[in-house]
Amino acid sequence: QKDGYEWYMLKEIVEQPKAVADTLLGRHTQDGRLQLDEMRLSDDELRNVDKIVAIACGTSYYAAMVAKYAIEHWTRIPVEVELASEFRYRDPILDQSTLVVTISQSGETMDTLMAIRYARQQKARVLSICNTNGSTIPRESDAVIYTHAGPEVAVASTKAFLAQIVACYVLGLYLAQVKGAKYGDEIARILDDLIATPAAIQRMLDEADVVRKIAADLNGARSFIFLGRHVGYPVALEGALKLKELAYLHAEGFAAGELKHGPIAVIEEGVPVFVVVPPPGRNEVHEKVVSNIQEVRARGARTIVLAEDGDESVVPYADHLIWLPKVPTLLQPLVATVPLQIFACEFAAQLGHDVDQPRNLAKSVTVE
Ligand code: M6R
């Protein structure tokens, strides 16, 4: 049921505060410790993990990219991020101390399933993060953490993405707790911040009109660039993917630091460039991203800047501004992705496209 929304996608975007809250529910104690009753791997097995390989496709792959920054930071375990479709064709190095983490909304993606089968043959342990109870991927895994986003009907993934990031963070914090890692004392603090994010996401929904106006102003644009850095980089990739899928237009995401290594050549008069700006303050890449905004604007780009409340440094270079609530850097994807989803949905609707059933795409890709 669309509950009065024009599109399932819009309904699912609006359900994101609940998807995030439900994915945290029952997985922590009052005093800030993680508890994963469903975790079928023992603490000893987890302490033995010396490498994580996160494998997924599409939007789920971008969740894995976000997770890498957090899990490595909290646990000091190296995390490799792999496209499922590439993974088993390149002779990957796996053994009993490798934890393969697969991420899938549907639990039926063939590329991801084949990666799991390959990893298990190589004796790696497989933990899946999945949104669909009883689907094939969790059934074939050693352990599972379900995302509790509820059924996702629109082909374009939205609430599952946010829930996947949260589930990955729960896993990362749990591993840090089990290992007693260097950053283990951050667990209670970051958990409190995570618990507070549904309210921050709700604010992004309440301010959706700002994004709708930007979509109307950019009507006529046919090529879009998205820039981000650190965890903002996968957010940029996800913003571009959403727009490609729904609007059938050229949209590309880049790591902002790569701009001068090539992509800046495509910037020309009038091209819209979305920039996800990391929180200022102690963030060492913030200034660099602000310089990137100046660089593209000097070449005629129309800049749409997503920046934290009160970050006045971006104001002179922004043609459009989307303010983000103050959250720790690692949680910024949970708020910054929301306006990009809304933008893609609005822009595609403006073009008269079927937002829920974009051409050429299926909700779950069950062929390789
Ligand atoms: O069900 P999965 O999470 O395994 O699906 C992976 C991708 O096919 C999926 O995220 C796809 O990229 C979506 N259409 C993105 O909106």
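The values are calculated or read from the model by the stated rules, or taken from the named source; none is laboratory data. Keep in mind that this is a model prediction, so the values were computed, not measured. Virtual Cβ from ideal backbone geometry, glycine too; neighbours counted across all protein chains shown.
Put simply, of GLU258, GLU252 the only residue that is in a strand (DSSP E or B), surrounded by fewer than 18 Cβ atoms within 10 Å (Cβ to Cβ), charged (D, E, K, R) and under 21 Å from the mean Cα position of the chain (by Cα) is GLU252.
The residues listed here are LEU306, LEU331; of these, the one that is more than 16 Å from the ligand (Cβ to nearest atom), within 24 Å of MET9 (Cα to Cα), part of a helix (DSSP H, G or I) and not polar (S, T, N, Q) is LEU331. Within segment 191-240, if we keep just the residues that are among the β-branched types (Val, Ile, Thr) and surrounded by fewer than 21 Cβ atoms within 10 Å (Cβ to Cβ), the residue that is nearest to SER291 (Cα to Cα) turns out to be VAL210.
For beta carbons closer than 7 Å, sequence separation of 6+ or different chains, a first residue in segment 135-157 that is in a loop (DSSP other than H, G, I, E, B) and a second that is at pLDDT below 95 and away from the ligand (no atom under 13 Å from the Cβ), the qualifying pairs are ASP142/ARG40; ASP142/LEU41; ALA154/TRP7.
Inspect all residues belonging to segment 341-350 and state whether any of them is touching a strand residue (DSSP E or B) at 6+ places or on another chain (Cβ under 9 Å) and within 12 Å of VAL277 (Cβ to Cβ). So far as segment 341-350 goes, no, none of its residues is touching a strand residue (DSSP E or B) at 6+ places or on another chain (Cβ under 9 Å) and within 12 Å of VAL277 (Cβ to Cβ).
Surrounded by fewer than 22 Cβ atoms within 10 Å (Cβ to Cβ), outside any helix (DSSP H, G or I) and not small (Gly, Ala, Ser), is that true of GLU45? So GLU45 fails the test. For segment 48-73, a tally of residues being touching a Pro at 6+ places or on another chain (Cβ under 7 Å), more than 10 Å from the ligand (Cβ to nearest atom) and assigned to a helix (DSSP H, G or I) returns 3.
Report every pair of residues separated by at least 6 positions or lying on different chains whose Cβ atoms are under 7 Å apart, first residue within segment 15-38 and closer than 15 Å to TYR169 by Cβ and aliphatic (A, V, I, L, M), second surrounded by fewer than 18 Cβ atoms within 10 Å (Cβ to Cβ) and modelled with pLDDT of 95 or more. Sorted first by the residue in segment 15-38, then by its partner, the pairs are ALA19/GLY150; LEU24/ILE195. Screening ILE116 on (1) over 24 Å from SER42 (Cβ atoms); (2) within 14 Å of the ligand (Cβ to nearest atom) shows it passes everything except condition (1). Checked against (1) out of contact with any Asp or Glu (no Cβ under 7 Å at 6 or more places or on another chain); (2) within 18 Å of ILE52 (Cα to Cα); (3) among the hydroxyl-bearing types (Ser, Thr, Tyr), SER97 passes all but condition (1). Residues satisfying the criterion are absent from segment 99-110 (criterion: within 28 Å of LYS363 (Cβ to Cβ), away from the ligand (no atom under 12 Å from the Cβ), not aliphatic (A, V, I, L, M) and not in a loop (DSSP other than H, G, I, E, B)). Here LYS123 meets the list (1) within 24 Å of ASN48 (Cα to Cα); (2) crowded, with 18+ Cβ neighbours inside 10 Å almost entirely, failing just condition (2). Exactly one residue among GLN164, GLN177 is polar (S, T, N, Q), more than 10 Å from the ligand (Cβ to nearest atom), out of contact with any Asp or Glu (no Cβ under 8 Å at 6 or more places or on another chain) and in contact (Cβ under 8 Å) with a residue 60 or more places away in the chain, and that residue is GLN177.
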